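Report on the following structure.
The values are calculated or read from the model by the stated rules, or taken from the named source; none is laboratory data. The structure displayed is predicted, hence computed values, not measured ones. Neighbour counts are summed over all protein chains in view; Cβ atoms, including those assigned to glycine, are modelled from backbone coordinates with ideal geometry. For accessibility, only protein heavy atoms count, side chains too; no ligands or nucleic acids. Shrake-Rupley method; radii C 1.70, N 1.55, O 1.52, S 1.80 Å.
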Protein chains: 2
Amino acid sequence: MNTADLQYPGSHRIYIPGKLYPELRVAMREVMQEDTLFPDGRTETNAPVRLYDCSGPWGDPEFHGREEDGLPRLRAPWIAARGDIESDADGALRACDLAQPPTQRAYARRGIITPEMEYVAIRENLGREAAFKSIFDRFPSAKSRPEAAQQLLDELGTGMPRPSELAAQEGFSHHSLLRRADLNYQHPAEPRPGNRMPAYFTPEFVRDEIAAGRALIPANINHPEAEPMIIGRNFLCKINANIGNSAISSGIAEEVEKLRWAIHWGADTVMDLSTGKDIHRTREWILRNSPVPIGTVPLYQSLEKCSGMVEHLSWPIFRDTLIEQARQGVDYVTIHAALLRSFVPHTARRATGIVSRGGSIIAKWMMLNSRENFLYERWDDICDILATYDVGISIGDGLRPGSIADANDYAQLAELEVQGELTRRAWDKGVQVMNEGPGHVPLQLIPENMRKQLEWCAEAPFYTLGPLASDIAPGYDHITGAIGGAAIAQRGCAMLCYVTRKEHLGLPDREDVREGVVTYKLAAHAADLAKGHPAAQLRDNALAKARFEFRWEDQFNLSLDPHRARAYHDLTLPHSSAKKAHFCSMCGPNFCAMKLTQDLREAEQRGEL
Amino acid sequence: MNTADLQYPGSHRIYIPGKLYPELRVAMREVMQEDTLFPDGRTETNAPVRLYDCSGPWGDPEFHGREEDGLPRLRAPWIAARGDIESDADGALRACDLAQPPTQRAYARRGIITPEMEYVAIRENLGREAAFKSIFDRFPSAKSRPEAAQQLLDELGTGMPRPSELAAQEGFSHHSLLRRADLNYQHPAEPRPGNRMPAYFTPEFVRDEIAAGRALIPANINHPEAEPMIIGRNFLCKINANIGNSAISSGIAEEVEKLRWAIHWGADTVMDLSTGKDIHRTREWILRNSPVPIGTVPLYQSLEKCSGMVEHLSWPIFRDTLIEQARQGVDYVTIHAALLRSFVPHTARRATGIVSRGGSIIAKWMMLNSRENFLYERWDDICDILATYDVGISIGDGLRPGSIADANDYAQLAELEVQGELTRRAWDKGVQVMNEGPGHVPLQLIPENMRKQLEWCAEAPFYTLGPLASDIAPGYDHITGAIGGAAIAQRGCAMLCYVTRKEHLGLPDREDVREGVVTYKLAAHAADLAKGHPAAQLRDNALAKARFEFRWEDQFNLSLDPHRARAYHDLTLPHSSAKKAHFCSMCGPNFCAMKLTQDLREAEQRGEL
């Protein structure tokens, strides 16, 4: 893969230092913008826009590392400095003492703010200190951005706060301040259960969310290459992309390339779902080259060790596999421990039975062995292993519905209730937790999913697959999932697992991964706007301003997929002069709505309105 | 265009007769299904699935008409039989007497059930009589499907009604009845203001919805080629696709081809937004070949008549254009009459000003002429013209927000309030009405849009453009719009205007139209499920069953885009044997979740669970 393919146009990499930990260098992408050119010849500077960047060193043009060498071990000194780990015989790190496990949760509970916590606080803020200060200077008693927005509403005495009115009150000239106010403006969030979105992310806020179990930083002490990121409903909604070879296709190099491709487009975590040969070696390559947390389903490799014979699965095989993966550096693992034996008969009555691979393996094992789920029975042992390395648990939903008909049925909800029990037990061991969720759910049943998960699982982060809002669109299921995903993320789902347009049909190729990741970034962003994330709307505002001012290059560069935006534009108007022109192909040069509006604005300036 | 390109695989055209009007032949597509093959060798027949079909005669393989001749004049005898119209000097039909205008609204108010009304009742039911009867036989006191579902819930004493439990109670053998119950099962709708979704569509229900103004059948008496369809929140959510040449591209033949392509994929109405040369002749070709209602924005052609000079626009020019289009057969027109002069200064303060073409033309006209909007002042005259031909009004939202920042602002909502006033006045003239809506709206502000429209516009159908839930995804704005569109349609928006992935960037090509229409069908369908449309989930259930049983061909054929579903599948597993195989490429032959579930189901049958 040519690294030059993976650069965003008009952007550069910046690093922001910490305050508690000045040595931190939090990576972001900054999009440069052209000046605004007014019809009277005046110009106005447009500040660069800072964007969240998942690509790690691979996204830094100054980085020239090779995949064979792996990425720099960013977190190694932080981990070592805590003095609570030791090396085992083969050099993997592990806890010295499980009474004080080396997990972000345990640190948070003890009141310790780790470098990881400050890193994510800076990362989530996207450099918005200046913007937040302006509104808090105005409303110093406000404790949150929505509260400040409410005070602004009250002051204006209207349901519709307009930045221009605010600007006018501050006594600035209309045009200059208006724009500045616009760029900082964010619509208030909907009030929703569980929404505690702050106006500004502090390291202490991060610590508190982790201590309460409402968020996790998946960060295995054996994966120091990973840049800290946080999963929780009071942060940016995250997305996961799956990679992994299966018995009938792909190889190792291809999987690493898929990883780099997925994080380039914005995958916040990547799950390696390999089931074929070379599972261990594939994972090693992926981990050593991944700046994002890597998740796995250890049951898959356990089953490979039994040559696919489900009846031969056993706790010792699973335990050894879990330790093997934890020692390698896997950051979170899906474990289908909440699927109890008594739930299985309820799935035989479904439209589409059990569709989760892990769920069907466990169900078959329980049926063949006439025993309770060994993952449930060994939960405390599992948690001890995970606490030893700070591996997060993603408690699987093996009985997630595989069709609209099966949504929110007994089998699904019974498992969710057990997920809640297991969540609390894992927390007691110091393990970081999230809960996996559906699946296929029609829009009217999505609120019940979110409500029950919040209540039953004590606000642990929810991580859903889609959900797909219908069954009738194979070939378009990235969109079906984005519709459901935006709806559940808006209500507090913390991470969305992408599905690609090949879902239900085949394995995704490069373009499918790109389309899938961008589509889910979009769904997550729509939810971030709705949740009132304090930095979410700034990008919309900047892109809208660029659009209004016919700064085509900036419009492309600020978009989720600049290459596609530019390519589509150039299909109709390929000449570079068209990128400065005050019209687009939709209306033609004499018929541009935006041009007419600019005329109006100028008329207003001349006092003619 | 080769008509063979436009056939759906595994499908045939059927026609269902009326009861009040036995001569009706309501077109539907029926997808044939393979038998279920059980592992023990038994087979089970799967009934064909009836689908809504927008393609008209073009979708009937028995139809061999040519574009030069236009489509058969389906509605001509119905129109003539009512005896309330006359021909003008050039042969166009018009009302004899505006005291009793020939509009579906006027008939409905007088208690008349027209053939158009029975046609749409049959069309909306999709042949589901049998399914509805079964649940109503069980719960005869239930007045609606949600009510029957509630009674089922009460009877089961559980929050999770499972078809199998119902089946068991009825004393049928488990497997045979289970499947039948599943196929009829539909999750209850969310209770929502304005949702009166019935269990079964009767012609009287249709009449009542039209009389109340909650729905319209756009059906100009001069467009007898159109098959009746209904737009209203208590029916299937509809979608509109835009076509039309602009000054810098496309020709007439291309526009007719676009029309046929759009309705093949499922566009329920098509708007001809041509602005270039040959507007009249292009529209004539489109109308004579369109089985779906055609909408226009007459202001565009009016402006062409002024050579693009906004200041020369006048009521006489607009009036003549409106009559010209009504006489030709345009079924609904967008008129930006609710944009008052006093609202315009509020847009100069926006992030993106006025983005509606029509809105900006009117705003500029008011500014240049220092006068109130002539469309508002001439509203009664406009309504008289439209009532004469039964042209529906789509009251434009010229001040719809063009960015997230501008959503739900004063300018937008002020215009919405005037839309309500104009709605009532048009109704008094017997004119059928809908209201256009945004635009760009973040998810948390969508409910306010729907709530205010319902309240201020007296439940007239809402017809929105998207809305786009973010600004940051040029190149993916069909998806941004599907996310917002599903959210507003779920709350009762009656029709969604599609946007393509080229939105904001350029003119859509053939593949963009296909992708856009299918994406919006999907969004509308997700909303239909949520609204509890009684026939919506049947298609999901059938497709899910086909998926579970590895009937790949049926899975493709039942999907929104069978060609794409098949093509994606075949990329990974091209051999025809794979279409019978009990695995797909995601997991490989030894690792199929669905296969494992089938094993479970068989074990249950043998009493081993």
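What the table shows:
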| quantity | calculated |
| --- | --- |
| Accessible surface, per residue, of the range A:504-556 when the full set of protein chains is kept, probe 1.4 Å, Å² | 14 Å² |
| Entries of A:K19/A:K452; A:K364/B:K531; A:K258/B:K545; A:K238/B:K531; B:K429/B:K452; A:K238/A:K502 with Cα pairs more than 31 Å apart | A:K19/A:K452; A:K364/B:K531; A:K258/B:K545 |
| Average beta carbon contacts from partner chains per residue of A:531-542, 10 Å cutoff | 3 |
| Residue-normalised accessible area of the range A:264-413, given per residue in Å² at a 1.4 Å probe | 24 Å² |
| Residues in the range B:8-23 reached by a label modelled at B:A80 [backbone nitrogen below 15 Å; 7 Å Cα→Cβ] | none |
| Projected label distance in nm at B:E455 and A:F63, using a 7 Å step from Cα toward the beta-carbon | 5.2 nm |
| Sequence-distant aspartates and glutamates (8 or more away, or on other chains) whose Cα lies within less than 12 Å of A:K305 | A:D278, A:D320 |
| Overall form of the range B:386-495 per C-alpha gyration tensor (a/c, 1.5; a/b vs b/c) | prolate |
| Inter-site label distance for A:R110 and B:I112 at 7 Å from Cα along Cβ, in nm | 8.5 nm |
| Interface area, A with B, accessible, probe 1.4 Å, both sides summed, Å² nearest 100 | 10500 Å² |
| Two-site label geometry, B:S314 and B:C96: point separation in nm, points 7 Å out along Cα→Cβ | 3.6 nm |
| Rounded, prolate or oblate (a/c below 1.5 giving rounded, otherwise prolate when a/b exceeds b/c) for the range A:295-347 by Cα gyration tensor | oblate |
| Residue mean of other protein chain beta carbons inside 10 Å, A:302-309 | 1 |
| Peptides B:469-479, A:47-57 ordered by average Cβ neighbours within 10 Å, highest first | B:469-479, A:47-57 |
| Computed lengthening from B:S342 to B:E23, 0.36 nm per intervening residue step minus Cα-Cα distance | 109.6 nm |
| Within 10 Å of each Cβ in B:441-451, the average number of Cβ atoms from other chains | 5 |
| Cα gyration tensor shape of the range B:308-460, rounded if a/c is under 1.5, else prolate or oblate by comparing a/b with b/c | oblate |
| Per-peptide average of other Cβ atoms within 10 Å, ordering A:528-537, B:67-76 highest first | A:528-537, B:67-76 |
| Gained length - A:R425 relative to A:Y15, 0.36 nm times residue gap less alpha-carbon distance | 143.8 nm |
| Protein accessible area in the range B:430-566, 1.4 Å probe - carbon and sulfur % | 51 percent |
| Distances in nm from B:E602 to the matching label points in the other copies, shortest first (labels 7 Å along Cα to Cβ) | 7.7 |
| Segment B:E254-B:R73, length gained on full extension (0.36 nm per residue, minus Cα span) | 62.9 nm |
